[in-house]
Amino acid sequence: MYIGSTTNLGRRLRDHFFESTNIHLRNAMVLYGIAAFIFIVVEFVEILPDMTSAALKAILLAREQFRFNFLVLAGSSLGYRFTVETKAALSAAKSGSNNPNYGKTPSEETKALQRAAKIGSRLTEETRTLMSAAKAANTNATKPVLVCTLSGELVQQFSSYSAAAKFMG
């Protein structure tokens, strides 16, 4: 059972038949055929003038938690937790030659636009600290630097090139 909400019933039915983004509903319609589904208007809800769109969606969606409804907020995957298997499948589906940018190199114009978009933007101190911590936690991302005498005696050890550079001035 799937229960949906709309402000335009005709458009909603057309969307379900031809453009449904709900893969479970679409697959069920393909598997069982449209004839296996019964479309019934269960309830008309009066929209009050002071009711926000978000409040209306929340009220309607609270009534819709059935087999084909998975999302907390209609039309948004916000808050939905994908399983590890789903994440792997989504990643595989967009990897390698399946990636829309696979084999493409950005044009000089695109690179210039990307550079221009970044001019003047600075990372917050919090973001920089988080990035540093993440980089330090990734042992493959940093290389230790050892400062030794000509005879091979260890003088100083640094966790990364940047740490050594800061120390050396």
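Quick notes
- Candidates A141, A92, A136, filtered to the one that is at pLDDT below 85 and assigned to a helix (DSSP H, G or I): A136
- Pair list, Cβ < 8 Å and 6+ apart or interchain, from the stretch 29-49 residues that are in a loop (DSSP other than H, G, I, E, B) to residues that are modelled with pLDDT of 75 or more and among the hydroxyl-bearing types (S, T, Y): none
- Residue that is modelled with the highest pLDDT, among those in the stretch 156-169 that are open to solvent by 90 Å² or more (accessible area, probe 1.4 Å) and more than 16 Å from S132 (Cβ to Cβ): Q157
- Residue match in the stretch 60-78 (condition: at pLDDT 75 or above, within 22 Å of the chain's Cα centre (by Cα) and of a type in the set (G, A, S)): no
- Of all residues in the stretch 83-99, those that are of a type in the set (A, V, I, L, M, F, W, C) and surrounded by 11 or more Cβ atoms within 10 Å (Cβ to Cβ) total 3.
- Within the stretch 104-125, the set of residues being loosely packed, with under 10 Cβ neighbours inside 10 Å and either touching a helix residue (DSSP H, G or I) at 6+ places or on another chain (Cβ under 7 Å) or modelled with pLDDT of 90 or more (or both) comprises K104, T105, S107, E108, E109.
- Check on E46, exposed (fewer than 10 other Cβ atoms within 10 Å of the Cβ), modelled with pLDDT of 70 or more, over 25 Å from the mean Cα position of the chain (by Cα) and acidic (D, E): yes
The values are calculated or read from the model by the stated rules, or taken from the named source; none is laboratory data. The structure presented is a predicted model; accordingly, all values stated were derived computationally and were not measured. Cβ: placed from backbone, ideal geometry, glycine included. Neighbour counts: every protein chain shown. Accessible surface is based on the protein model in full, side chains and every heavy atom, while ligands, DNA and RNA are left aside. Shrake-Rupley method; radii C 1.70, N 1.55, O 1.52, S 1.80 Å.
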